[in-house]
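In what follows, a single structure is set out as structure tokens and then discussed.
The values are calculated or read from the model by the stated rules, or taken from the named source; none is laboratory data. Since the structure is predicted, the reported quantities are computational estimates derived from the model, not experimental observations. Here the Cβ positions follow ideal geometry from the backbone for every residue, glycine too, while neighbour counts run over all protein chains shown.
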Amino acid sequence: MPVNVRNLAWLRGLQIDGVPDAGARLHEIITDLAKGMNTMEQQTNSNMNGNPAPPPALQSMTVTPTSVGHHVSINHEGDYYRGATYHVESADNPHFTNPFPAYTGPAREIDLATGSHKLYFQAFASYPNSGNTTQVYHGGTTPQAVTGGVSTPRPALSRGSGTGKPGQGLSGYGPTPYTGSKPPVRS
């Protein structure tokens, strides 16, 4: 959300005896500072007026068994800024009592060495200083368990990382400041 500087018009017209352009120069200084703060806000996904809103909701997640446990793939489409991080939780019950967290960072894929346990999975996203998105479950609105520890082929296409596209490597937090055709609206 852009920094709103009050009284700029008044400052621009300020007159001081012996320094006729004082108001115009102060206006330039403060305008430049505001632009710099807006750039910093954009680059760090911050909100100079408070906490940033969380990214848009995740669409879904898929969990498949692997030879050592479970592979989690998170589907996150829409417009969001670089810096979104993903979190996966597994539990031995569909109510997620005592869940075990796994931080995936900007990656929307993770292999978890969970063994041959029958587990339920949920995922959510956040920015470093925002709240969390609503969680999604493997299985849709009703969590479904997946038993790990079986040999399966690797998933065909990675969901990607950060603002990178599915299947795109070397993305980290992302090669672009945001996804989509235009910057998301900050609240």
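Observations, loosely collected:
- Taken residue by residue, the stretch 58-68 has no member that is on the phi > 0 side of the Ramachandran plot, hydrophobic (A, V, I, L, M, F, W, C) and in contact with a strand residue (DSSP E or B) (Cβ under 9 Å, 6 or more places away or on another chain).
- Residue within the stretch 54-62 that is touching a residue at least 12 places away in the same chain (Cβ under 8 Å), in contact with a Ser or Thr (Cβ under 6 Å, 6 or more places away or on another chain) and of a type in the set (S, T, N, Q) present: yes
- Condition check for E41: part of a helix (DSSP H, G or I) and modelled with pLDDT of 90 or more: no
- Meets criteria (among the hydroxyl-bearing types (S, T, Y) and either under 18 Å from P56 (Cβ atoms) or under 11 Å from the mean Cα position of the chain (by Cα) (or both)) for Y103: no
- Number of positions in the stretch 52-102 that are closer than 11 Å to L119 by Cβ and of a type in the set (D, E): 2
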